[in-house]
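Structure first, then comments.
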Amino acid sequence: MEGPGFDDPGPPIPTPVSRVRRALTVAVVLTLVAAMVALAFVSGRGVVTTPPPEPPAATSATLTTSASRLAVVGADGGLSTTDALGGSLVRYGGAGIRFSFPAWSPDGTRIAAVGEDQGEARVYVFTTPADGASPAAPAIVYSDADQPPFYLYWSPDGEALTFLTTEPEPDGLALRLVPADGSAPAAIIRHGSPMYWAWADAARLLVHSGGEGLAGFFGEVRPDGVATEPLAILPGGFRVPAVSSDGRFRAYVTPGDGTTQPIVVETRERTDAQTLDVFGTAALAFRPGSDGLAIVAAAEPRRETSVPVGPLRLMDASTGEVRTLLSGTVIGSFWSPDGKTIAAIEVPAPGDDNIAAMGRGVLVSTTSFRTAAAAGTRLRISFVNAESGAIRSRSSFALSDLFIDQILPYFDQYALSHRVWSADGASIALPVVDAGIEQVMVIQADGSGARAVADAVAGFWSP
């Protein structure tokens, strides 16, 4: 069933659980202006303009394996873990429970997931067993039929889970926190819709709620819900605030002159700041272990979209220097754990790389993925060296309906809570459609190949 539009004030991060209010699940429709198409895949600084041939499918002999494990959700909603080759399968939860978007704890010893059982959504926390053992019964840390949960995000110390719940109007959403062991009830940190946040450390969160301008809120909030921002900051057209790994810098967007709006990169004390004007909605993410800020946003005027679309650029938080990693139509990006590589999801230019033309500019139809797949729509995955700007490899895939509808439009939030990259930085896992079957595919960043590891609709790596 088609959900509300992108401008709907409902939940920004939907979930497959049927009782939970689903929002923003309509198609991402990108009408590409001529200038953006003309600039597609032009070098920013050291970026090659002619993509290499797509790598052949990997075999078990060529695929680089990782010690990390994947938590995957099957088409039936069953939750399990597997290794990088699809073996060592361990199943979690009872029969009939439908899980969505599992999130690993920071130390990799637990998995949290929202599951629906007999019409009620709950937050489950599983402890991963020793090799060869069966998992113990999970802790159910939250259950409320009237305010169902969705989207889970662990605290940095692994002691707590934050999550969203659907609330009666006018609040719409609540950001809640619960101890991961269920030792205390969940407490509300903040109300508002839409709602985005990033953990700065275990003692503070950066929260952006309520949209833009006077209707919105942006600032530091303690886990007990007390706002500690000394001065009010009006939020602009962005979703998730960004915090550098060392906590020194943060980034957000403020309202502009009606045409452009500035990205602000500043120290926590607000004593030093850099700005960059962008057009439309922006997505921000600091490079792990660095002060470099990845930005996906339009660099020139274009038709407005409610999701970030544009070149992928890297801004130095200390100097304000900006360089382009990928020009054109990037619609998602994910940093590797070591910060050396960034994986970008791009809309190919018409006819580029022998990929079917995008026609009217429609990325995904409002119907199921089968319509898009039948039309030959594929998205390009580019792995870019963050230092040199060189493209390590490129390949194209038809991504699943669930990923495109529910994760890709909010990739900046999911990048904080759900690991697309393996811990060793060698590969990413994405749900793709192949011959009408949804599979989790492990794609090697160096271009050595890709391998389907599970028939599943979602999959995320352990730390």
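The values are calculated or read from the model by the stated rules, or taken from the named source; none is laboratory data. Just so it is clear, the structure is predicted and the values come from calculations on it, not from any experiment. Quick reminder, even Gly has a Cβ in these numbers, built from the backbone with ideal geometry, and neighbours come from all protein chains shown. The area values use the complete protein model at the heavy-atom level, side chains included, leaving out ligands, DNA and RNA. Shrake-Rupley method; radii C 1.70, N 1.55, O 1.52, S 1.80 Å.
Does residue 262 fit the bill of being open to solvent by 40 Å² or more (accessible area, probe 1.4 Å) and in contact with a strand residue (DSSP E or B) (Cβ under 6 Å, 6 or more places away or on another chain)? No. The set of residues in the stretch 134-185 being free of Cβ contacts under 8 Å to residues at least 60 places away in the same chain and among the small types (Gly, Ala, Ser) consists of 134, 136, 137, 139, 143, 158, 174, 182, 183, 184. Tell me which residues, restricted to the stretch 181-215, are more than 22 Å from the chain's Cα centre (by Cα) and of a type in the set (Gly, Ala, Ser). 182, 183, 184, 186, 187, 203, 213, 215 - these are the residues of the stretch 181-215 that are more than 22 Å from the chain's Cα centre (by Cα) and of a type in the set (Gly, Ala, Ser).
Of all the numbered requirements in (1) within 21 Å of residue 413 (Cα to Cα); (2) within 24 Å of the chain's Cα centre (by Cα), residue 277 misses one, and that requirement is (1).
Taking the listed residues 113, 180, 103, the one that is touching a helix residue (DSSP H, G or I) at 6+ places or on another chain (Cβ under 9 Å), within 23 Å of residue 458 (Cα to Cα) and of a type in the set (A, V, I, L, M) is 103, with no other qualifying. Looking only at residues of the stretch 135-151 that are closer than 23 Å to residue 193 by Cβ and among the small types (Gly, Ala, Ser), we find that the one that is surrounded by the fewest Cβ atoms within 10 Å (Cβ to Cβ) is 145.
Among the numbered conditions (1) over 21 Å from residue 334 (Cα atoms); (2) surrounded by 18 or more Cβ atoms within 10 Å (Cβ to Cβ); (3) not β-branched (Val, Ile, Thr), the only one that residue 229 does not meet is (2).
Looking only at the stretch 421-446, residues that are open to solvent by 20 Å² or more (accessible area, probe 1.4 Å) and either in a loop (DSSP other than H, G, I, E, B) or free of Cβ contacts under 8 Å to residues at least 40 places away in the same chain (or both) come to 9 in all. Right, residue 179: modelled with pLDDT of 95 or more, within 28 Å of residue 252 (Cα to Cα) and surrounded by fewer than 22 Cβ atoms within 10 Å (Cβ to Cβ) or not? Spelling it out, it is not the case that residue 179 is modelled with pLDDT of 95 or more, within 28 Å of residue 252 (Cα to Cα) and surrounded by fewer than 22 Cβ atoms within 10 Å (Cβ to Cβ). Looking at (1) at pLDDT 95 or above; (2) out of contact with any Ser or Thr (no Cβ under 7 Å at 6 or more places or on another chain); (3) within 24 Å of residue 268 (Cα to Cα); (4) not in a loop (DSSP other than H, G, I, E, B), which one does residue 157 not meet, given that it meets all the others? Of (1) at pLDDT 95 or above; (2) out of contact with any Ser or Thr (no Cβ under 7 Å at 6 or more places or on another chain); (3) within 24 Å of residue 268 (Cα to Cα); (4) not in a loop (DSSP other than H, G, I, E, B), only one is false for residue 157: (4). Just give me the residues in the stretch 240-259 being among the hydroxyl-bearing types (Ser, Thr, Tyr) and open to solvent by 10 Å² or more (accessible area, probe 1.4 Å), in sequence order. 245, 254, 259, listed by residue number. The set of residues in the stretch 201-216 that are open to solvent by 20 Å² or more (accessible area, probe 1.4 Å) and at pLDDT 90 or above comprises 201, 202, 203, 204.
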